[in-house]
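One structure below.
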Amino acid sequence: MTASNGVTGWGECDADNPPLMAAFVEHSLKKHILGEDPWDSARLWDAMFFGNHDHGPGGALANSIAGVDIALWDLKGKLLGVPAFQLLGGRFRDRIRAYGSFGVGFGKKVTVEQAAEQARRFVRQGFTAVKLRMQIRENRQNPDPDPTFAYAAAVRSAIGPKIDFFIDANNGYSAGRGIEVVRRLKEEFDIVLIEEPVSDQTHQETAEVIRAVDTPVIAGEKEYTRWQQRELITLGNPDYLNPDTIKAGGLTEMKRIAAIADAFGKPIICHNTRPTLGTAAALHFIASIPNCGPMMEYIDLENFPELRRLMKPPLRFEGGFLCVPEGPGLGVEVDEDAIRKAAKA
Amino acid sequence: MRSSEGISGWSDIGGRRFAVTRQVLESDAARCITGASVWDAEPLWEKLHAASRDAGLNGLAALSAVDIALWDLRGKIAGLPVHKLLGGPARQRMAACATLACDGSHVEQAAKRASQMAAAGYRWLRLAVTARDLPLNTSADPAIRIAAAVRAAAGAGMQLIVNLGGAYLPTRAVEVGRRLHGEFGVRYIEDPVSLDHLRELAQVSEGIDALVCAGGAGCTRWAARDLIEHGKVDVIASAIALAGGITEANKIAALAQSLSKPLMPRAPHGPLAAAAALHVAASVLTAGPAVDWPAAALGGVYSGVPEMQDGFVRVSQAPGLGVTVNLDRLGKESGA
């Protein structure tokens, strides 16, 4: 995004379907932004959202607005010469513990041995917490046999007893079976959290699990707006929320979600699977909220060597912590040529 | 509030126990703020909130004033009006609502002022029935009498808000609320039952057609949540100098909006607070009317105070709050 004085701001949309995001930005969002004042970012958010509401507010619309909104915050920071976290309300912390996150595609993409190796690699890189994403999902609900236990055993054995370990069921259970599984995972593998044990479409089931287990439940990666998050909080009552900056409407909406979450006493553990501008934006958000959870999601950079070259300076990951960038805007410069090259590859 | 570069930020102070508020400002606030980054709105808010909680509402008044002054300062440093730092205006102007208080002893005077306000262009009027000491569950209750006189004087076009000062038991509040709505077209009933009586508030809200509103006597995001969840209010009233300032009002607005509760900005604490409330309300989709106008300029102490025109007030485009405190006048007015 380029301002009339030539200053540029960069953002990142949700990464699952780039052509779809690009089409939304080009055909639905651009007309609301061109010629407008970047300091009107909240008003522009409303214009983009309500101007395209019929596309369905809870999906690709919020995901694509996220990228535009993040670019506006980068631009505002650069225009004023201050880091985005200052404009977002100031800095509570300059770094955040990161947990290493990886998926196994319900056991079809990654073997048990590979999962153990990945977990060991996280520990070598300095991570002090690891999350295993089972990616069961609703269409394979309550699998029998359930590969989760073999993977959990292999990962716990690979990382040893001192590393925090938790599991994302990716909505794979009914409440009744979920309760049974969570209790067993806690007892046998000492998990510290359970993520989305049940469907994100039935918050009552989330509440049912939470009432029954003494393992904290985290949910909220697919609730992209303040209204969806509020519904999750009031009906599902999860212990932690995990909205994603590049999915949930960008920094403007994430700040609103944080305010609502804080009013209900819910800390946020950011969902974050892209080591690029999305992580930088999430770090500015995390720096600026009082109700930040004990960590945020991050991934194995060694799996994405090409993405590391897109930004300068690279994000600092030290001793298991991600550092909040300090420069104006998001605090990183984008290498446009490298992005074009990566896009063609 | 002065920055190291010599730029100053200002606020009015809400509440009534100024000695307590002053103590919080001089001890806790001075300790938390001195040397801090002017941009740390939320960390400073949390720090001062934790430090001043035992001072109750008067601590919240101190916190609110510090927060508002810091936003004024930030706007001046950035060269931007506060509402631009909050994400820009959802609207440039907002319906202004005048406030009128009456305890039933001078109803004719209240009626006269109501007609003056209608003539001045106001289309919203908030009537505060200040009769808390009367036995209100008897026929001596002046609320209906006052409302009838004010409605007759202000004309049919005036939108009415009636504040009942928390004076009723819930069943009586329902009875009075129904009459005020049915006979005099009152839109909002504010504070029908005693503060903190959330069950009773819910009973009234469920019992009457007028929208019930509360929160103006002081409220944080957590109190606002309880007013909505347990008090079943329809509208959140937020007096910014008793609601944690701009930082907190902005959060209350996000919360209220996600639950479809409009924010009604109140500003009884002076022109700086009134301007601050207007900056927040201008940036929020579902807000209004702006209550407690006109904000007194106190014989030239303040300049740049938004003025009501044709029933509306416009948010200032000047850096910070857009209201200037004239120091020489301030000395004269306070007799210093």
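The values are calculated or read from the model by the stated rules, or taken from the named source; none is laboratory data. Just so you know, these numbers come straight off a predicted model, no measurement behind them. All Cβ positions, even for glycine, are placed from backbone atoms using ideal geometry, and neighbour counts span all protein chains on display. These accessible areas exclude ligands, DNA and RNA; they are computed on the full protein's heavy atoms, side chains included. Shrake-Rupley method; radii C 1.70, N 1.55, O 1.52, S 1.80 Å.
Side notes on the structure shown:
- Residues of region B:87-136 whose accessible area, computed with a 1.4 Å probe over protein heavy atoms, drops by at least 20 Å² once all protein chains are present relative to their chain alone are B:Gly87, B:Pro89.
- Beta bridge orientation in chain B: antiparallel %, DSSP, nearest 5: 20
- Partners for A:Lys131 among lysines (Cα-Cα distance below 22 Å; same-chain residues under 8 apart left out): A:Lys108, A:Lys109, A:Lys162, A:Lys186, A:Lys222, A:Lys247, A:Lys266
- Counting protein heavy atoms only, region B:84-327 has 50 percent of its accessible area on carbon and sulfur, 1.4 angstrom probe.
- Semi-axis lengths, largest first, of the ellipsoid equivalent to region A:85-150 are 32, 17, 8 Å, with √(5λ) applied to each eigenvalue of the Cα gyration tensor.
- Pairs of Lys residues in chain B, spaced 8 or more positions apart or belonging to different chains, with C-alpha separations under 20 angstrom: 6 in total.
- Pairing chain B with chain A buries about 2400 Å² of accessible area. This figure sums both sides and uses a 1.4 Å probe.
- Average accessible surface for chain A: 38 Å² per residue, computed with a 1.4 Å probe over protein heavy atoms with every protein chain in place.
- Reduction of at least 10 Å² in accessible surface, 1.4 Å probe, comparing all protein chains with the chain by itself, residues of region A:21-39: A:Asp37, A:Trp39
- Nearest 10 degrees, 0 to 90: helix A:277-287 Cα axis against chain A principal axis: 80
- Accessible area ranking (1.4 Å probe, heavy atoms, ligands and nucleic acids excluded), largest first, for B:His269, A:His284, B:His106: B:His106, B:His269, A:His284.
- FRET efficiency, A:Leu34 to A:Asp300 (Cβ-Cβ, R0 41 Å, nearest 0.05): 0.60
- If you sort A:Cys292, B:Cys97 by accessible surface, 1.4 Å probe, largest first, the order is A:Cys292, B:Cys97.
- Computed accessible area, A:Glu336, all protein chains, 1.4 angstrom probe, square angstrom: 90
- Remark: region B:45-140 carries 40 Å² of accessible area per residue (probe radius 1.4 Å; ligands, DNA and RNA excluded).
- Per residue, the convex hull volume that the Cα atoms of the protein assembly as shown enclose (Å³): 170
- Prolate/oblate/rounded call for region A:188-345, Cα gyration tensor, a/c under 1.5 rounded: prolate
- When +1 charges are put on Lys and Arg Cβ atoms and -1 charges on Asp and Glu Cβ atoms, the dipole computed for region B:18-82 relative to its Cα centre reaches about 120 debye.
- Nonpolar atom fraction for chain A, defined as the carbon and sulfur part of the 1.4 Å probe accessible area, stands at 50 percent.
- For the residues A:Glu138, A:Glu302, A:Glu117, a GNM of chain A with alpha-carbon springs under 10 Å puts the largest fluctuation on A:Glu302.
- Of the residues A:Thr279, A:Thr8, B:Gln23, the one whose Cα sits farthest towards the positive end of the charge dipole of the protein assembly as shown is B:Gln23 (charges of +1 on Lys and Arg Cβ, -1 on Asp and Glu Cβ, taken about the Cα centre).
- Dimensions of region B:36-140 from C-alpha coordinates, computed as largest minus smallest value along each principal axis and given longest first, are 56, 38, 18 Å.
- Among beta bridges identified by DSSP and lying wholly in the protein assembly as shown, the antiparallel ones come to about 20 percent.
- Of the residues in region B:248-286, those shielded by at least 10 Å² of accessible area once partner protein chains are present, compared with the chain alone at a 1.4 Å probe, are B:Lys251, B:Ala254, B:Leu255, B:Gln257, B:Ser258, B:Leu259, B:Ser283, B:Leu285.
- Comparing A:Leu251, A:Gln228, A:Ala342 along the charge dipole axis of chain A, the residue lying farthest to the positive side is A:Ala342, per the Cβ-charge model.
- Its Cα centre serving as origin, chain A has a Cβ charge dipole (Lys and Arg +1, Asp and Glu -1) of approximately 580 debye.
- Extreme residue, positive dipole direction of the protein assembly as shown, given options B:Leu201, B:Ala290, B:Pro43 (C-beta unit charges): B:Ala290
- Counting only Cβ charges, +1 for Lys and Arg and -1 for Asp and Glu, the dipole size of the protein assembly as shown around its Cα centre is about 860 debye.
- For the pair A:Arg140 and A:Glu336, label points projected 7 Å from Cα toward Cβ lie 4.3 nm apart.
- When both bridge partners sit in region A:86-334, DSSP labels roughly 25% of those beta bridges antiparallel.
- The fraction of all Cα pairs in region B:196-336 landing in successive 10 Å bins from 0 to the largest distance is 13, 39, 29, 14, 5, 0, given as whole percents.
- Cα gyration tensor shape for region A:86-334, rounded if a/c is under 1.5, else prolate or oblate: oblate
- For region B:84-327: rounded, prolate or oblate by the Cα gyration tensor [a/c cutoff 1.5]: oblate
- Under-5 Å amide H pairs with B:Val186, H placed in peptide plane, nonlocal only: B:His181
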